[in-house]
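Below is one structure, written out as structure tokens; comments come after it.
The values are calculated or read from the model by the stated rules, or taken from the named source; none is laboratory data. Everything numeric in this text was worked out from a predicted model, so none of it was measured. Note: ideal-geometry Cβ built from the backbone for every residue, glycine included; neighbour counts use all protein chains shown. Remember, those area values only see protein heavy atoms, side chains included, never the ligands or the DNA or RNA. Shrake-Rupley method; radii C 1.70, N 1.55, O 1.52, S 1.80 Å.
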Amino acid sequence: MAEENGTNVSYFLSLNSGDGNKALSVTTSQENSSSQKTTKTEKKQTKQPAPAVPAVSPEVAAKRFTVLRSIAEECITDDDLKKLLSKKANFRLYDGFEPSGRMHIAQGVFKAINVNKCTSNGGTFVFWVADWFALMNDKMGGDLEKIKTVGQYLIEVWKAAGMDMDNVEFRWASDDIINDAQKYWAQVIDIAKRFTVARIMKCCQIMGRLENNLTAAQILYPMMQCADVFYLGANICQLGLDQRKVNMLAREYCDSKGIKLKPVILSHHMLYGLKQGQEKMSKSDPDSAVFMEDSEEDIRRKIMGAYCPSKAEASTEKVDKGEYVMHLVEDELKNPCLDYIQYICMSEEGSVFAANGKEYDDFNILRKDFIAGKISELDIKEGLIHSLNERIAPVRKHFAENQEAKRVFELVQQYKRDGKKPGLKSFRRHDHFKGVENEIAVAFAPILSSTNISIASLFNLVLEIQAMPESNKKALVIPDLSAIALNSYSQHKKTDPAKIVRAAYDLLLSGLKALIPETMENVSICFQSKTMLENPSDYWISVINVGRHFPLQTVLDANGNSPQAGAVFAALLHVSDVITMRASRLICTSRAQGLLHELALSYFTESGQTELSAPTVIQIPSVSTKLREGDMKNVNFTGGDLFLSDSKAEVKKKIKQSFCAEGNVDFCPPLELAKFAAIELTGSITIGEKKYDQTETLVADFAQKKLHPSELKPAVTEAMLAVYSSLEAQFNAEPAKSAKVTLAGYAKKINKKN
């Protein structure tokens, strides 16, 4: 697939294809001006586009539009659908379903009818078997193997219900995500970083959950479902009206991404539940719907007891909290029996419905006769029972005679009898250090987002790594996926942020190798993007399980209550990385990282897992390279921090202009730099004739004014220039050399844009 801004979008861009081959004419200096003029004329002519030839004839496109539009209670938009059907002879539709138990007749027969309408008119229908989504929604007790078995059962039902499988694809989410993890999760992260938590929460009706009672995993659901549309190359989202909000998220993503041809949304009608006041069927209420495995007796009992008014009545039941309006078409009767007749019994071309000895081929006439009393409720129900049994009889036969179908059905029935068992059956995780017996000390690199990387980021990592016990296996996690989710380096739309993120961390790692080369030889560098590819299944299931455990608000609190959905994603990745690293110690200088470490610690102690011991969180004092306090308005001041990209001349000037009041040890940047750049790194600093090898002595002398700023600053400048000399040698070699060029080029683009 072609890429746009690092995201696969070729299935939409293909509608804009048709660029003609551009003929190239080459002339030599000996050719006369007449020849040159002719060449220019020819070049102009070759640029003229050929007359547009429609991919589909107007008659066929019109027919297809009529059929596909008949499926939907709402189409967003009709114009987009017409354009798609006129330009593409073959197009892709998508629906996703959770393998979450029994299949009611709307999902079985109604869906089969709609799919056949689509595939007989040029469509390929892709079913995304959302086994991972079911896992996030706690279906089948969070047992993925059971979820897959239920998915197989649903496929068997569709086969028996008459779905034409010639142009139907079934794609298992867990398999595709594992085999193509890098592309799939890059798409999810790109969506996460573009939306707020509040916007994603509006989609959570698709799980039937209250917006204020969500787990963090349920915030992942809409982002993943939105990604499915693009990952599967869908031109049309053909789902129910209850999925409308997340499908609209996909169109909003196109706006954010600059994709002109958005997926069309064909939202089909949601069948009423059989009881009065039920806006839709419910799998948790067996009498709210006819199910595909129901016996003739079951169907008769349910239909005979179904709500069936011939005039509008006030509903005595309230819609469940957390539910939304499921219908756009005004329907005063809200009669589920008529609903079944219209959308199941009479939906296909040429279908008829028999009631009281009369055959109807027009639903509207039948409805008028019923309201007028020409046919009774009993007539309607008897006709419906007969029609439904005719449609479900082949399914019963399939599961009675086909041995594989029978086996799968019996397993699903057994799961139903067992009920939902609380808690995780196993603590699934990726073990990055499998076989390592030592305790493991882990530090996390900071989230980088600026082309001017503060040298404090480097200094603090040095402190964290040096604080790791010698007997421990040492690991440094590079949160490159989290950085992208948090919108790092996303200011330039035509630049892939992953490339800039990698360059920034390459520069930071080169700085570590420059300052503590021997120590770094024994530190394992663990990029999130690489670690997750070692075992995508267990890694991402671990992320999901962490999200399932925590209420959304708990995760938001741990990440500074950022309004961005990407922050939730990043927090879950952080906890999962702690599990993946099998950390015994988590060492940090940042309070923000400390909060995320504490979130991880609470997961270890609260989740009920017994495989891993909870790590110890060690927070050590940080180094600050902030050179001035407050908002500097001095036009002669060149900067408030020291950056990895600074020249030695810039370093000298910045330190010279830094704040340094005599006797003030509460905020004294040169003193802070002396403590780390000299004493911590090299063991001592000489100021005047006195050598300091203890920070306490240095601070005390400055506080007592035994040491003047005019003496301190030159010594600190010398120490920092020595640091920058070490960095310079490393930065002139790869990969830092290329990283500097990449960051400088990106900075230039941003400055030009601004």
Handout entry: Where G357 falls short, out of the listed (1) without any contact (Cβ under 8 Å) to a residue 60 or more places away in the chain; (2) open to solvent by 30 Å² or more (accessible area, probe 1.4 Å); (3) closer than 28 Å to V67 by Cα; (4) not charged (D, E, K, R)
Key = (3)
Handout entry: Answer from S471, S457, S510 - the residue that is open to solvent by 70 Å² or more (accessible area, probe 1.4 Å) and hydroxyl-bearing (S, T, Y)
Key = S471
Exercise for the section: Hey, can you tell me all the residues within region 643-675 that are in a helix (DSSP H, G or I) and open to solvent by 60 Å² or more (accessible area, probe 1.4 Å)? Expected result: K648, A649, E650, K652, K653, K656, K675
Handout entry: Looking only at region 53-74, and only at residues there that are more than 18 Å from T124 (Cα to Cα) and touching a residue at least 40 places away in the same chain (Cβ under 8 Å), the one that is surrounded by the fewest Cβ atoms within 10 Å (Cβ to Cβ)
Key = E74
Exercise for the section: Find the residue count for region 75-112, including only residues that are within 26 Å of the chain's Cα centre (by Cα), of a type outside the set (A, V, I, L, M), crowded, with 17+ Cβ neighbours inside 10 Å and not in a helix (DSSP H, G or I). Expected result: 11
Problem - For G141: the one exception among (1) over 30 Å from T215 (Cβ atoms); (2) touching a helix residue (DSSP H, G or I) at 6+ places or on another chain (Cβ under 9 Å) - result: (1)
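With respect to D242, determine if the residue is of a type in the set (D, E), touching a residue at least 24 places away in the same chain (Cβ under 8 Å) and not in a loop (DSSP other than H, G, I, E, B).
yes
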Exercise for the section: Considering only region 528-559, state which residues are crowded, with 19+ Cβ neighbours inside 10 Å and not in a helix (DSSP H, G or I). Expected result: N535, F550, N559
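Counting only residues that are in a helix (DSSP H, G or I) and in contact with a helix residue (DSSP H, G or I) (Cβ under 7 Å, 6 or more places away or on another chain), which one in region 289-305 is farthest from D379 (Cα to Cα)?
Checked region 289-305; the qualifying residue farthest from D379 (Cα to Cα) is E296.
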Practice task
Could you tell me whether region 308-320 includes any residue that is basic (K, R), outside any strand (DSSP E or B), at pLDDT below 95 and open to solvent by less than 90 Å² (accessible area, probe 1.4 Å)?
Solution key: no
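Go through region 221-239 and report how many residues are assigned to a helix (DSSP H, G or I), within 20 Å of F91 (Cα to Cα) and open to solvent by less than 20 Å² (accessible area, probe 1.4 Å).
Of the residues in that region, 6 qualify.
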Fill in the blank from the handout: Given (1) of a type in the set (D, E); (2) under 23 Å from P621 (Cβ atoms); (3) over 44 Å from the mean Cα position of the chain (by Cα), E689 misses just (2)
Practice task
Could you please find all residues in region 676-698 being open to solvent by less than 60 Å² (accessible area, probe 1.4 Å) and either of a type outside the set (S, T, N, Q) or not in a helix (DSSP H, G or I) (or both)?
Solution key: F676, A677, A678, I679, L681, G683, S684, I685, I687, Y692, L698
Problem - Residues satisfying the stated conditions in region 725-754, i.e. of a type in the set (S, T, Y), surrounded by 15 or more Cβ atoms within 10 Å (Cβ to Cβ) and under 40 Å from the mean Cα position of the chain (by Cα) - result: T742, Y746
Problem - Sole exception among (1) within 21 Å of the chain's Cα centre (by Cα); (2) outside any helix (DSSP H, G or I) for A134, by number - result: (2)
Handout entry: Per-region count, region 245-287, residues closer than 21 Å to A192 by Cβ, in a helix (DSSP H, G or I), open to solvent by 20 Å² or more (accessible area, probe 1.4 Å) and charged (D, E, K, R)
Key = 4
Handout entry: First in region 485-506 and under 20 Å from Q730 (Cα atoms) and open to solvent by less than 10 Å² (accessible area, probe 1.4 Å), second anywhere and of a type outside the set (K, R) and in a loop (DSSP other than H, G, I, E, B), Cβ under 6 Å, 6 or more apart
Key = I500/Y489; V501/S488; V501/Y489; A504/L448
